[in-house]
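The values are calculated or read from the model by the stated rules, or taken from the named source; none is laboratory data. It should be emphasised that the depicted structure is a prediction, and the values quoted were computed from it without experimental measurement. Note: ideal-geometry Cβ built from the backbone for every residue, glycine included; neighbour counts use all protein chains shown.
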Amino acid sequence: MRIAVIFHVPSPGGLTRFTHALIEGLLSADASVSIDYFVSDRLLEAGRVPDFTLDGRARVIPISDPAVADSNLDERHWLVQWLNMRMSAHPRLHSAGRALYQRIWSVAGRVREGRPVKRWYEFAFTPELLDEFRAYDVVYLPFPFYIEPATVEAPVVGTFHDVNHKHFPENFQPGLREQIDRQLDFWTRRADAVAVSTRFIEEDLTRHYPGAADRTSIVYVPPYNVAPLTEDARLAALARFGLRDAGFLLYPSNQAHHKNLIGLVAAADAMKRRNGTLEYPIVFTGFGTDKLGMGKVRSFEEVDRYLASSSLVVGEDVRGLGFVTDDEVDSLTRSARIVVSTSLYEAGCGPALDAWQFGVPVAFSNIPPFVEQLDALGVEAWAFDPQDHEDIARVLTDALADWDASQAMAARSRTAIASHTWTRAGTEYLAVFERAAERYHRLGSTRSPYTPAGE
């Protein structure tokens, strides 16, 4: 089977880890598989793409949308940061200010580069790329978000990780939710097969996008770590961040509201007030977390206010490391006392998967997709109500106090998760691809091509 994998997002993170691990799983699952990985040129230039060379069956091909220019809205610009912090309480003024900023820089980009400028999330396949897709048995979209509708003349499979935009609109800049909604409405209907990672997401996706209801498959995600982790690298990462081995609680997250960082911060505050000290500091990783307590990130306003009046000392009791590399997050996960997630909404708990693989105890929210992972994968975790910081504090206190029980849970989980490999996931995905190809060829000429609005 010849597969085209498309990853157009220019920034690294959990999605790239998923995509790269799945590519390796597909290649190892079937020796007849060949993959062309069409990946954002910016991601490739940043060195965030592995060298897929297994038997010469994988090629890495850079792609870009020539209409997406560097003049797009830059969240680091002082004016955008001022708008985010000072005008967020006034949605209309905030939206208008950002739109004006975008328009100024878009015009500047057109003048400078002599071509139209689009936002990064309006990525569109070029006619040349669409023509190339005809040669593939399957076109796979590991993240069918931020891609403009198009006529793809080949079987299409998409992995729809969640519908976060339907539940947490505050995570998205003005206009982006509508953009995602329009794009997902198209791709859920166009995909010949749809993959999701839990039954919870299958139900959530089809509730909002019923066009996907008749061709959805669940493939549980294995641990993201696929590269060997040396002891020297692990210890070097601890030294780099000034952390002691097994001396901290780790929450790999980001600045999105649904990550519920305040739940863990408030729990840590309760634990410190009760005991007079916080034996294990809280460490956050992920985009934006290095700005915790600085009053610089709009989505951290509530957390920053809480920290200012709490017993916690930023930099000692609570530390945000910002974005870290895959090797670094693996090192931190392996070295944590407990890996924690207080998230309110997810497709599943990625940090827990890696913790279980490394034999590290897990404590997380009792939300449906996390509980589903426990049942489906045979793993164990301490669970709490993420909306109740006192319950989070109680469960973490119990997990630390009954350390024998925590270690035993981690050991059993490590054994259970060992059979959930990327080769196994690759095999299940190939079955999804085959069903997609059968459906595409069965429908044949009855399929209507996509026509952009106004044509």
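In region 13-37, of all residues being touching a Leu at 6+ places or on another chain (Cβ under 7 Å) and outside any helix (DSSP H, G or I), the one that is farthest from PHE133 (Cα to Cα) corresponds to ASP30.
Do we have VAL163 as within 30 Å of GLU328 (Cα to Cα), without any contact (Cβ under 8 Å) to a residue 60 or more places away in the chain and not assigned by TED's automatic domain parsing to the domain that holds SER299 here? Answer is yes for this residue.
Screening ALA266 on (1) crowded, with 19+ Cβ neighbours inside 10 Å; (2) within 24 Å of the chain's Cα centre (by Cα); (3) not acidic (Asp, Glu) shows it passes everything except condition (2).
Among the listed residues VAL226, VAL194, which satisfies the condition of being in a loop (DSSP other than H, G, I, E, B), among the aliphatic types (A, V, I, L, M), out of contact with any Pro (no Cβ under 8 Å at 6 or more places or on another chain) and within 18 Å of GLY426 (Cβ to Cβ)? Walk me through it before giving the result.
Working: VAL194 fails: in a loop (DSSP other than H, G, I, E, B).
Exactly one of VAL226, VAL194 is in a loop (DSSP other than H, G, I, E, B), among the aliphatic types (A, V, I, L, M), out of contact with any Pro (no Cβ under 8 Å at 6 or more places or on another chain) and within 18 Å of GLY426 (Cβ to Cβ), namely VAL226.
Screening THR206 with (1) within 25 Å of the chain's Cα centre (by Cα); (2) assigned by TED's automatic domain parsing to the domain that holds VAL318; (3) modelled with pLDDT of 95 or more gives one miss only, at (2). Of ALA191, ALA212, all but one fail to be crowded, with 18+ Cβ neighbours inside 10 Å, at pLDDT below 95 and among the aliphatic types (A, V, I, L, M); the exception is ALA212. Looking across region 215-233, the residues that are touching a helix residue (DSSP H, G or I) at 6+ places or on another chain (Cβ under 8 Å), surrounded by fewer than 19 Cβ atoms within 10 Å (Cβ to Cβ) and not β-branched (Val, Ile, Thr) come down to ARG215, SER217, TYR220, ALA227, LEU229, ALA233.
Residue by residue through region 378-404, note down the ones that are over 27 Å from THR415 (Cα atoms) and among the small types (Gly, Ala, Ser). Listed by number, the list holds a single entry, ALA393. Mind counting the residues in region 275-296 that are over 20 Å from ALA363 (Cα atoms) and either in contact (Cβ under 8 Å) with a residue 40 or more places away in the chain or aromatic (Phe, Trp, Tyr) (or both)? Number satisfying all stated conditions: 3.
Scanning region 279-296 for residues that are closer than 29 Å to ASP398 by Cα and in contact with a strand residue (DSSP E or B) (Cβ under 9 Å, 6 or more places away or on another chain) turns up TYR280, PRO281, ILE282, VAL283, PHE284, THR285, GLY286, THR289, ASP290, LEU292, GLY293. Selection of region 253-292 for residues being under 26 Å from ASP326 (Cβ atoms), outside any helix (DSSP H, G or I) and touching an Asp or Glu at 6+ places or on another chain (Cβ under 6 Å) yields only PRO281. Taking region 274-310 only, how many residues are surrounded by 16 or more Cβ atoms within 10 Å (Cβ to Cβ) and small (Gly, Ala, Ser)? The qualifying residues number 5.
Tell me which residues, restricted to region 166-188, are of a type in the set (Val, Ile, Thr) and either surrounded by fewer than 16 Cβ atoms within 10 Å (Cβ to Cβ) or touching a Ser or Thr at 6+ places or on another chain (Cβ under 9 Å) (or both).
Of region 166-188, the ones of a type in the set (Val, Ile, Thr) are 180, 188.
Result: THR188, single match.
Does ALA410 satisfy the condition of being surrounded by fewer than 17 Cβ atoms within 10 Å (Cβ to Cβ) and of a type in the set (A, V, I, L, M)? It is false that ALA410 is surrounded by fewer than 17 Cβ atoms within 10 Å (Cβ to Cβ) and of a type in the set (A, V, I, L, M). Of the residues contained in region 312-329, one or more are found to be touching an Asp or Glu at 6+ places or on another chain (Cβ under 7 Å) and of a type in the set (A, V, I, L, M). For TYR251, indicate whether it is within 17 Å of the chain's Cα centre (by Cα), modelled with pLDDT of 95 or more and either surrounded by fewer than 19 Cβ atoms within 10 Å (Cβ to Cβ) or under 26 Å from ARG334 (Cβ atoms) (or both). So TYR251 fits the description; yes.
Output the residue which, of all residues in region 49-76 that are among the basic types (Lys, Arg) and either in a loop (DSSP other than H, G, I, E, B) or crowded, with 17+ Cβ neighbours inside 10 Å (or both), is modelled with the lowest pLDDT.
Pass one, region 49-76, residues among the basic types (Lys, Arg): 57, 59, 76.
Still in the running and either in a loop (DSSP other than H, G, I, E, B) or crowded, with 17+ Cβ neighbours inside 10 Å (or both): 57, 76.
Numbers: ARG57: 90, ARG76: 47.
Applying the filter and picking the extreme gives ARG76.
Filtered by the rule that a residue be out of contact with any Leu (no Cβ under 7 Å at 6 or more places or on another chain) and farther than 22 Å from ALA425 by Cα, region 207-223 gives ARG207, HIS208, PRO210, GLY211.
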